[in-house]
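First comes the structure, then the notes that go with it.
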Amino acid sequence: MLRKLLVVGLALGFTGTILVAESVSNLSAADIANKNVAARGGLKAWHAVQTISESGKMGAGGNDRAPVAVAPDVKRPGKPAAALPTSPRLKEEAQLPFRLDLERPRKMRLELDFNGQTAVQVYDGANGWKVRPFLNRMEVENYTQDELKLAALQSDLDGPLVDYAAKGTKVELDGTEKVEDRDTYRLKLTMKDGHVTHVWIDAKTFLEAKMEGAPRHLDGQEHPVEIYFRDYRTVDGLQIPFVLETKVVPVAAPNGSHIRQTQYPSEKIVIEKAQVNPKFEASLFSRPVIETTASAKKN
């Protein structure tokens, strides 16, 4: 969703900021972070979480693009994230089944099904592998150096605000603004390694409303990415968003010659099932093994 630079929009946003500030003017960045952890289930509950498993549908495709006006002030670095399995974009959006398994501190396995094939992406906390049958690449490929760097920057399973001080993260209140008609606090997070990202916390529920995602290089330019969190549900005492929508933000051309820019389709993830502390086999986060036709016949 683009921020519209209209005078009336700026006026309404300024008014909303005043209302938020006046209603909870005594809240510091630390207060907001603590309230967020409490709203999500509490520090003790999150300390008890070692694994999480989620499954559902992931939107992909929708290749039709329409030009929209560029918002010249949308320029923020995104939060790096491990790249999803790559596949050719479909003209019509499809809802692809996925399974995501997470284990502390940063182990991850993602499977995505399409047309009878399964793409796999695995990160064991130090090394990463991917299988991309959608591109007719059936071999196991190692993560690139850039993918490894992005994966290493991921927050722990419980998110960036749980035990943020112990993780060496500095949290600052960076203003307030509207996110989908909700008043939010914008927190600036500076990680131990100097990486900076932003999280928007709902001023009423204190749950995450939006977060910066990994920037994407499209059409020769780097685009900021925004991730929206919706439909929170209680799972074993924890608040987990069951709808996540990723939006790529159009940007102006570097030379300023283009006054209109491409609008990229958003990508929505709908979680249908979430489990806390399922038991995983250690091999789940090992290098994937691809069964060839020859080996299958031997079995």
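The values are calculated or read from the model by the stated rules, or taken from the named source; none is laboratory data. Just so we're clear, the structure is a prediction, and the values are computed from it rather than from any experiment. Neighbour counts run over all protein chains shown; Cβ positions are idealised from the backbone, glycine included. We work out accessible area using only protein heavy atoms, side chains counted, and drop any ligands, DNA or RNA first. Shrake-Rupley method; radii C 1.70, N 1.55, O 1.52, S 1.80 Å.
Looking at the stretch 169-189, can you tell me whether even one residue there is of a type in the set (A, V, I, L, M, F, W, C), at pLDDT 95 or above and over 17 Å from the mean Cα position of the chain (by Cα)? The answer is yes; a qualifying residue exists. A single member of V131, V171, V196, V162 is farther than 19 Å from D31 by Cα, open to solvent by less than 40 Å² (accessible area, probe 1.4 Å) and of a type in the set (A, V, I, L, M, F, W, C), and it is V131. Of all residues in the stretch 181-192, at least one satisfies being in contact with a Lys or Arg (Cβ under 9 Å, 6 or more places away or on another chain), open to solvent by 70 Å² or more (accessible area, probe 1.4 Å) and under 24 Å from I240 (Cα atoms). With respect to the conditions (1) surrounded by 19 or more Cβ atoms within 10 Å (Cβ to Cβ); (2) out of contact with any His (no Cβ under 9 Å at 6 or more places or on another chain); (3) under 22 Å from T51 (Cβ atoms); (4) modelled with pLDDT under 95, G213 lacks only one, and its number is (3). Cβ-Cβ contacts under 6 Å between residues 6 or more apart (or on different chains), taken from a first residue in the stretch 28-54 that is among the hydroxyl-bearing types (S, T, Y) to a second residue that is open to solvent by less than 30 Å² (accessible area, probe 1.4 Å), are listed as T51/P278; S53/D101; S53/P278. When the residues of the stretch 135-159 are filtered to those that are acidic (D, E) and under 21 Å from the mean Cα position of the chain (by Cα), the one that is least open to solvent (accessible area, probe 1.4 Å) is D158. Just wondering, is there one or more residues in the stretch 123-132 that are of a type in the set (S, T, N, Q), farther than 21 Å from K210 by Cα and out of contact with any Gly (no Cβ under 7 Å at 6 or more places or on another chain)? The answer is yes, given that some residue of the stretch 123-132 is of a type in the set (S, T, N, Q), farther than 21 Å from K210 by Cα and out of contact with any Gly (no Cβ under 7 Å at 6 or more places or on another chain). In the stretch 249-271, is there at least one residue being closer than 18 Å to A33 by Cβ and among the hydrophobic types (A, V, I, L, M, F, W, C)? Checking the stretch 249-271: not a single residue is closer than 18 Å to A33 by Cβ and among the hydrophobic types (A, V, I, L, M, F, W, C). Residues that are buried (at least 17 other Cβ atoms within 10 Å of the Cβ), in a loop (DSSP other than H, G, I, E, B), at pLDDT 50 or above and not hydroxyl-bearing (S, T, Y) do occur in the stretch 99-109, at least one of them. Let me spell it out: the conditions are (1) assigned to a loop (DSSP other than H, G, I, E, B); (2) within 27 Å of K279 (Cα to Cα); (3) modelled with pLDDT under 90; (4) of a type in the set (A, V, I, L, M, F, W, C), and A126 meets all of them except one. Which number is the exception? So the condition that A126 fails would be (3). Looking across the stretch 20-51, the residues that are among the hydroxyl-bearing types (S, T, Y) and modelled with pLDDT under 95 come down to S23, S25. Under the condition of being assigned to a helix (DSSP H, G or I) and in contact (Cβ under 8 Å) with a residue 40 or more places away in the chain, which residue from the stretch 129-143 is farthest from I269 (Cα to Cα)? This residue is L135.
Scan the stretch 144-175 residue by residue and report those that are more than 30 Å from A203 (Cβ to Cβ) and touching a residue at least 24 places away in the same chain (Cβ under 8 Å). Full working, then the answer.
Start the filter on the stretch 144-175 by keeping residues that are more than 30 Å from A203 (Cβ to Cβ), which leaves 144-152.
Of everything in the stretch 144-175, those that are more than 30 Å from A203 (Cβ to Cβ) and touching a residue at least 24 places away in the same chain (Cβ under 8 Å) turn out to be E147, K149, L150, A151, A152.
Listed by first and then second residue, the pairs linking a residue in the stretch 251-279 that is over 30 Å from R99 (Cα atoms) to a residue that is open to solvent by 40 Å² or more (accessible area, probe 1.4 Å) and modelled with pLDDT under 80, with Cβ atoms under 6 Å apart and 6 or more places separating them unless they lie on different chains, are A252/P72; R260/P67; T262/R65. Listed conditions (1) modelled with pLDDT under 50; (2) within 21 Å of the chain's Cα centre (by Cα) are all met by E54, apart from (1). Within the set I240, I271, the sole residue that is buried (at least 20 other Cβ atoms within 10 Å of the Cβ), touching a strand residue (DSSP E or B) at 6+ places or on another chain (Cβ under 6 Å) and outside any loop (DSSP other than H, G, I, E, B) turns out to be I271.
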